[in-house]
Number of protein chains: 2
Amino acid sequence: MKKEHLSSKEEIRRDPLSHRWVIVAPDRAQRPQETGQDQGADGSYPDCPFCEGHEQATPSEIWARRAAGSRPDGPGWTVRVVPNRYPALTSSGQVHRSQSGLFKKIQGAGAHEVVIESPHHHESLADADLLQIQYVLEAYRDRIRSLYQDAGLRYVQVFKNHKLPAGASLQHPHSQLIATPMLPQNIELKLKAALRHFERTHTCLMCEILGQERASQQRIIREHRGFISFAPFASRFPFEVTIAPLRHTWDFIEMPDEKLEILAFLLKDVLLRLKLAAADPPYNYFLSTAPNLRAMRSKPKQEDSLKAALHWHLEILPRQTAVAGFEWGSGFYINSRTPEEAARILRETQGLS
Amino acid sequence: MKKEHLSSKEEIRRDPLSHRWVIVAPDRAQRPQETGQDQGADGSYPDCPFCEGHEQATPSEIWARRAAGSRPDGPGWTVRVVPNRYPALTSSGQVHRSQSGLFKKIQGAGAHEVVIESPHHHESLADADLLQIQYVLEAYRDRIRSLYQDAGLRYVQVFKNHKLPAGASLQHPHSQLIATPMLPQNIELKLKAALRHFERTHTCLMCEILGQERASQQRIIREHRGFISFAPFASRFPFEVTIAPLRHTWDFIEMPDEKLEILAFLLKDVLLRLKLAAADPPYNYFLSTAPNLRAMRSKPKQEDSLKAALHWHLEILPRQTAVAGFEWGSGFYINSRTPEEAARILRETQGLS
């Protein structure tokens, strides 16, 4: 079966009752589960497609930080971005929107990329060099920027799954980007809440939250050169952490290298504390950032409101508790640890000095 | 530590960025995980609080279907409802709402009950008698009705977690009800979508969906005496199933015993098919039904719209695939099996005759 044929089967459907979006990608079922983890006699992982020296096991790289003189799709890299071999979405060049009665679907637009965070199989992000973490963040920024050139893509969701219980099917440290031709429902909900707040108060919601957090200090883990990590007031999970820039910045792609260097420090600091305080938990993290204005077709005034109302942030969700019927049905969460206690424990844990 | 003291610690918090609600219940962390599963020499489960004969291990029963002459909190029951010993929420009689800047919280209102579905440790709902399943459904109906007498409770979420990967901490078959003093976010989203559709078309959204499903037949699993089971158009998970009454009924508590007898048949039919076709998967199910009008303080005209726009339904989500960072961040889902194929497989599987 040829790749082009595979891609054409994916479609994005909207649930008429809840307005949530679902990617129906039947060929994703064929992707390997928990492969590439068998160690050879020499200590290497011969079946891992992400280890250095196995570059031919992935599609051609789109982006990389490499040693001078090294060649694309060869060894010598620190961080490497490739298309996902089992993509949830791909672009065919032709977006096809259709509706049959109440049932809406969209085909043909999207992208799914993998950021390989290290050439080494077991070097998790918490243990990586600061420069390497900075490169991972640069990969996110550069790839979002590049995908936003396509006016058919409205949002790029950056996310990471650490360990199997958090949904990682490959052990080798990596994160992912999925670009979609519509605004995801969670991003839309946040955007509406932020715009409503801005219209009422002419201030950014996140800027105000950060002001309240800094005034109370109860839930702050650390501040570092213009960035802050804290346990959000309505944390869904024990040890949930949010990282944000203190200064209003609506779009992650505006972050220059020097800021990403500082962010890398604070991210590593949080991951180290989580590893020590919560026994190296499985976790997901994901970025909430600006939608692609080119695709939004907003009026200039609406754009100005969006830029003033949104404030990018990174959420880290440790996944040690199950999500069950109550959460699925209601959208409520039950958290058995107060964020105030989680923040205190993480503050008292040794971080990065 | 006294129970009253424990309860006072729970609070419901609203996330200012996404408007989701979180129950912070620090004492839930003390609840047992995976207990009551060790079998004694006689084949019984001496530590299971839900087995017949162990009635003293639970708080006093609120509701039961029992043999004539049997006594409350003694043996001789078929289905039994008790307060959850480790409640996520309890009512103190005094609802306390407070707001500090952007941070809203509510304390003192709610309920958390357990429906013990069988006196026998291993009799799962798929294997239970039809009459017993009917009693379980009657328990849901009667308990929602009773909790809706309290004008401080806006919604009762009925849900079931089957097996550990779906969040069941006790093996003995049971389901749960959690009553909350606000409308859960997912219910609010559905309610808004239904009202918007009704205002535009003067028809019920679910009635129209069922009309489309019946016209195409592609995703229908079975129709049975006024009820239907189908794989929803935008299924989040492989083998996801929705059950609904064909005739417009906004509120589950309006279902008379004879209708619940038919519903029990169709529910058992679906659970049997899932068990055979998908290797007895872990699953969650949950009911979407009417909010408590007494608590909503709507005007009569709004009430009429709500009654015309809402249509109760039961969603069954098999939980064989992980929910990862993409889903958490975006609210999107990736389903690797088309609902059309899932429905075909379930249709071709032997159900209840």
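The values are calculated or read from the model by the stated rules, or taken from the named source; none is laboratory data. Keep in mind that what you see is a predicted model, and the values were worked out from it rather than measured. Counting neighbours? That spans all protein chains shown, and the Cβs are built from the backbone with ideal geometry, glycine included.
Among the numbered conditions (1) surrounded by fewer than 23 Cβ atoms within 10 Å (Cβ to Cβ); (2) touching a residue at least 24 places away in the same chain (Cβ under 8 Å); (3) over 30 Å from A:TYR45 (Cα atoms), tell me where A:ARG196 comes up short.
Condition not satisfied by A:ARG196: (2).
Condition first: in a strand (DSSP E or B) and not hydroxyl-bearing (Ser, Thr, Tyr). Now tell me which residues in segment B:175-201 satisfy that. Even if it seems obvious, please write down each step before you answer.
Let us first name the residues in segment B:175-201 that are in a strand (DSSP E or B), namely B:175-180.
Listed by number, the residues that qualify are B:GLN176, B:LEU177, B:ILE178, B:ALA179.
Does B:LYS299 satisfy the criteria of being in contact (Cβ under 8 Å) with a residue 60 or more places away in the chain and either buried (at least 23 other Cβ atoms within 10 Å of the Cβ) or more than 14 Å from every other protein chain (Cβ to nearest Cβ) (or both)?
Taking the combined requirement at face value, the residue does not satisfy it.
If I ask for residues that are in contact with a Lys or Arg (Cβ under 7 Å, 6 or more places away or on another chain) and within 25 Å of A:GLU340 (Cβ to Cβ), which ones from segment A:166-218 would you list?
Within segment A:166-218, A:ALA166, A:GLU213 meet the criteria.
Among the numbered criteria (1) surrounded by 18 or more Cβ atoms within 10 Å (Cβ to Cβ); (2) within 12 Å of another protein chain (Cβ to nearest Cβ), which one does B:GLN320 miss?
The number of the failed condition is (1).
Take B:ALA279 and decide whether it is within 8 Å of chain A (Cβ to nearest Cβ), of a type outside the set (Asp, Glu) and without any contact (Cβ under 8 Å) to a residue 24 or more places away in the chain. Talk me through it step by step, then tell me what you get.
Working: within 8 Å of chain A (Cβ to nearest Cβ): no; of a type outside the set (Asp, Glu): yes; without any contact (Cβ under 8 Å) to a residue 24 or more places away in the chain: yes.
Answer is no for this residue.
Being aliphatic (A, V, I, L, M) and closer than 30 Å to A:ALA29 by Cα is the filter here, so list the residues in segment B:286-322 that pass it.
Result: B:LEU287, B:LEU314, B:ILE316, B:LEU317, B:ALA322.
Any chance you could count how many residues in segment A:128-172 are closer than 22 Å to A:ARG319 by Cβ and at pLDDT below 95?
Matching residues across segment A:128-172 total 9.
Is it fair to say A:GLY40 is modelled with pLDDT of 95 or more, small (Gly, Ala, Ser) and surrounded by fewer than 18 Cβ atoms within 10 Å (Cβ to Cβ)?
Details: modelled with pLDDT of 95 or more: no; small (Gly, Ala, Ser): yes; surrounded by fewer than 18 Cβ atoms within 10 Å (Cβ to Cβ): yes.
For A:GLY40, the condition - modelled with pLDDT of 95 or more, small (Gly, Ala, Ser) and surrounded by fewer than 18 Cβ atoms within 10 Å (Cβ to Cβ) - is not met.
Are there any pairs with C-beta distances below 7 angstrom linking a residue in segment B:34-51 that is within 28 Å of A:ALA322 (Cα to Cα) to a residue that is modelled with pLDDT of 85 or more and of a type in the set (D, E, K, R), with the two at least 6 apart or on different chains, and if so which?
As it stands, the answer is B:THR35/B:ASP47; B:GLY36/B:ASP47; B:ASP38/B:ASP47, since those pairs meet every condition given.
Looking at this structure, is A:ARG143 within 16 Å of the chain's Cα centre (by Cα), buried (at least 19 other Cβ atoms within 10 Å of the Cβ) and within 13 Å of another protein chain (Cβ to nearest Cβ)?
Against the criterion (within 16 Å of the chain's Cα centre (by Cα), buried (at least 19 other Cβ atoms within 10 Å of the Cβ) and within 13 Å of another protein chain (Cβ to nearest Cβ)), A:ARG143 does not qualify.
Has segment A:330-339 got at least one residue that is within 9 Å of another protein chain (Cβ to nearest Cβ), among the polar types (S, T, N, Q), farther than 23 Å from B:GLN30 by Cβ and touching a residue at least 40 places away in the same chain (Cβ under 8 Å)?
Looking for residues that are within 9 Å of another protein chain (Cβ to nearest Cβ), among the polar types (S, T, N, Q), farther than 23 Å from B:GLN30 by Cβ and touching a residue at least 40 places away in the same chain (Cβ under 8 Å), one finds none in segment A:330-339, hence no.
Results for (1) without any contact (Cβ under 8 Å) to a residue 60 or more places away in the chain; (2) hydrophobic (A, V, I, L, M, F, W, C); (3) away from chain B (no Cβ under 14 Å), shown as yes or no for each residue.
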site: A:ARG66; (1), (2), (3): yes, no, yes
site: A:PRO72; (1), (2), (3): yes, no, yes
site: A:ALA88; (1), (2), (3): no, yes, no
site: A:ILE116; (1), (2), (3): no, yes, yes
site: A:HIS121; (1), (2), (3): no, no, yes
site: A:ASP127; (1), (2), (3): yes, no, yes
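If the requirement is being under 21 Å from B:PHE198 (Cα atoms) and either under 18 Å from the mean Cα position of the chain (by Cα) or assigned by TED's automatic domain parsing to the domain that holds B:GLU213 (or both), which of these qualifies: B:ASP304, B:ASP269, B:ASP257, B:ASP280? Write out each step before concluding.
On the way: B:ASP269 fails: under 21 Å from B:PHE198 (Cα atoms); B:ASP257 fails: under 21 Å from B:PHE198 (Cα atoms); B:ASP280 fails: under 21 Å from B:PHE198 (Cα atoms).
B:ASP304 is the lone residue from the list that is under 21 Å from B:PHE198 (Cα atoms) and either under 18 Å from the mean Cα position of the chain (by Cα) or assigned by TED's automatic domain parsing to the domain that holds B:GLU213 (or both).
Which of the residues that make up segment A:206-240 are over 21 Å from B:SER98 (Cβ atoms), touching a Phe, Trp or Tyr at 6+ places or on another chain (Cβ under 7 Å) and of a type in the set (A, V, I, L, M, F, W, C)?
Result: A:ILE220, A:ILE221.
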